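The values are calculated or read from the model by the stated rules, or taken from the named source; none is laboratory data. Computed from a predicted model, the values in this text were never measured in an experiment. For neighbour counting, all protein chains shown are included, and Cβ atoms are generated from backbone atoms with ideal geometry for every residue, glycine included. Note: accessible area is taken over every heavy atom of the protein model, side chains too, but ligands, DNA and RNA are not part of it. Shrake-Rupley method; radii C 1.70, N 1.55, O 1.52, S 1.80 Å.
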Amino acid sequence: MRRVWLGSIAVLALAGPAAADPVLCRGAIASESAKLAETAVRVVQRCRERVLLGRLPAVTDCAADPGLGAAVARARHGIAVRCCGADRACGTADDDALAAAGWTAAACPDLAGAGCQNAIGDADDVATCLACVDGAAAARTMALVYDDLVPAPAGSALSKCQLAIGRETARFAVAASKALARCWDARNRGRHTNPCPDPGDGRAAAAIAAAEAQRTARVCAACGGADRRCDGVADSTPAAIGFPPACPDLTPPGAATCAAPVGTLAELAACVGCAGAFGLGCADRLAVPAFAAYPATCAPPSPQCAAGVTCGADAECPTGYGCADNGTGTRWCVGPACAADAECRGGGVCRAYCTVDGCGPRQCQCPGFGCVGADVLCIESGSLACRKLCTQDSDCTDPFGFVCVNPGFGAGVCIGNTPCL
């Protein structure tokens with residue numbers, strides 16, 4: 001009887017739910033987030049490069065690339081296996097306690113107005129948060145690199161320079177992410193008690209510095225003229241490359257703001273590095289709440305619309321808005337679809353969004369860029385003004401003047417103008 005009774009206890013113990021292991025769950029969340037961040041930056045960079053080279057349509061949404069969806073699914077599965085009990089179904093009774101893995105926040109903390117604010121109740125919600133932040137970090141970094149590029153002939157020095165900037169930005173992000181992931185994994189396993197990367201595991205900081213030096217050297221070699229250096233001697237200029245004149249106001253964890261003028265190749269390289277460090281650093285800190293707090297600078301208060309003010313990057317727009325170009329070089333904050341002004345956050349208004357391709361459905365957008373009439377755009381030409389697109393003088397009627405400038409280039413505008421709404 002005794003042997004049978006003890007054996008029954010043993011069988012029951014084996015058949016019961018697996019014991020929670022916060023080390024495994026913490027490690028899975030950090031590891032899957034790092035892999036997702038690396039995949040996201042690779043996928044978005046390759047997609048943006050294909051758009052630049054004309055191999056994909058200019059309107060391609062690289063954030064919707066199927067490769068990202070597959071990566072998110074893998075991350076969800078990896079987290080569920082380690083955090084959601086024997087049934088691997090998150091939200092059931094045998095889940096590991098999120099608090100034991102360091103996750104005590106009620107909602108995703110967002111990344112510079114990207115809209116990553118889902119409620120967090122189980123490990124799958126954590127995966128949703130990580131996917132949003134990792135994807136937003138990759139998209140924002142690549143938007144800075146690619147959004148304003150001036151098309152260059154294939155094989156030209158300028159084209160090679162542009163390609164190098166994008167590729168090396170992604171290469172650095174992947175290398176730095178891997179170094180951080182190894183460092184946090186060692187911390188999770190109790191091999192050290194330091195913050196990462198410095199002093200970390202004693203290797204991460206040096207690996208990131210080496211990757212940063214390699215990125216800068218390769219960009220300078222491709223863009224720095226005959227001497228292959230970012231020294232101002234025959235360098236490609238940011239304006240020629242197609243880069244914003246100022247770096248966005250982002251603050252990477254533990255560093256100073258990226259905000260600074262961008263007038264030289266060296267300043268361009270520094271800006272790309274700083275903006276990349278912002279996205280990478282914030283995504284990295286988000287994944288390890290048991291060991292590092294998520295910096296307030298990663299999720300500053302959402303900007304508000306200022307009437308008639310253009311933007312240079314998504315981070316300058318209210319949450320849920322992006323910095324969009326209407327096709328004439330004028331960029332302002334445009335948000336989601338809407339039916340009325342009351343639906344628009346951040347001081348936006350609801351009106352048809354118009355580009356050189358025509359007017360589309362109503363979208364929230366910062367005020368000061370609306371014009372009345374078909375084929376009329378708000379254009380920055382010394383001062384923001386409503387200019388009518390034209391192909392011949394007869395297209396130009398009051399109040400838009402009576403002369404069509406540059407009609408032969410397929411993008412003529414009437415010389416008369418009125419203030420934008």
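A single member of Cys359, Cys404 is in contact with an Asp or Glu (Cβ under 7 Å, 6 or more places away or on another chain) and among the hydrophobic types (A, V, I, L, M, F, W, C), and it is Cys404. Here Ser302 passes the criteria (1) in contact (Cβ under 8 Å) with a residue 24 or more places away in the chain; (2) surrounded by fewer than 18 Cβ atoms within 10 Å (Cβ to Cβ); (3) farther than 30 Å from Ile29 by Cα except the one numbered (3). Within the range 380-416, the set of residues being over 19 Å from Cys359 (Cα atoms) and in a loop (DSSP other than H, G, I, E, B) comprises Gly382, Gln392, Thr397, Asp398, Pro399, Gly401, Phe402, Val403, Asn406, Ile415, Gly416. Within the range 380-388, identify whether any single residue is within 21 Å of Cys350 (Cβ to Cβ), open to solvent by less than 60 Å² (accessible area, probe 1.4 Å) and within 33 Å of the chain's Cα centre (by Cα), and answer yes or no. Yes, some residue in the range 380-388 is within 21 Å of Cys350 (Cβ to Cβ), open to solvent by less than 60 Å² (accessible area, probe 1.4 Å) and within 33 Å of the chain's Cα centre (by Cα). In this structure, does Ala137 turn out to be more than 22 Å from Gly329 (Cα to Cα) and either part of a helix (DSSP H, G or I) or of a type in the set (Phe, Trp, Tyr) (or both)? Judged against the criteria, Ala137 is a match. Looking for something open to solvent by 60 Å² or more (accessible area, probe 1.4 Å), within 22 Å of Cys271 (Cα to Cα) and touching a residue at least 12 places away in the same chain (Cβ under 8 Å) - is there at least one such residue anywhere in the range 161-177? Within the range 161-177 (the criterion being open to solvent by 60 Å² or more (accessible area, probe 1.4 Å), within 22 Å of Cys271 (Cα to Cα) and touching a residue at least 12 places away in the same chain (Cβ under 8 Å)), the answer is yes, since at least one residue qualifies. Against the definition (open to solvent by 50 Å² or more (accessible area, probe 1.4 Å) and in a helix (DSSP H, G or I)), how does Ala374 come out, yes or no? So Ala374 fails the test. Within the range 186-200, the set of residues being open to solvent by 40 Å² or more (accessible area, probe 1.4 Å) and touching a helix residue (DSSP H, G or I) at 6+ places or on another chain (Cβ under 6 Å) comprises Pro197, Asp198. Scanning the range 114-134 for residues that are modelled with pLDDT under 95 and either under 11 Å from the mean Cα position of the chain (by Cα) or part of a helix (DSSP H, G or I) (or both) turns up just one, Ala114. The residues in the range 217-254 that are in contact (Cβ under 8 Å) with a residue 24 or more places away in the chain and open to solvent by less than 60 Å² (accessible area, probe 1.4 Å) can be counted, and the count is 22. Given the condition out of contact with any Leu (no Cβ under 7 Å at 6 or more places or on another chain), at pLDDT 90 or above and not acidic (Asp, Glu), answer yes or no: does some residue in the range 400-409 qualify? There is at least one residue in the range 400-409 that is out of contact with any Leu (no Cβ under 7 Å at 6 or more places or on another chain), at pLDDT 90 or above and not acidic (Asp, Glu). I'd like to know if the range 91-100 contains one or more residues that are touching a residue at least 12 places away in the same chain (Cβ under 8 Å), open to solvent by 40 Å² or more (accessible area, probe 1.4 Å) and under 17 Å from Arg285 (Cβ atoms). Within the range 91-100 (the criterion being touching a residue at least 12 places away in the same chain (Cβ under 8 Å), open to solvent by 40 Å² or more (accessible area, probe 1.4 Å) and under 17 Å from Arg285 (Cβ atoms)), the answer is no, since none of the residues qualifies.
You will find that of Ala240, Ala186, Ala246, Ala275, the residue that is at pLDDT 95 or above and small (Gly, Ala, Ser) is Ala186 and no other.
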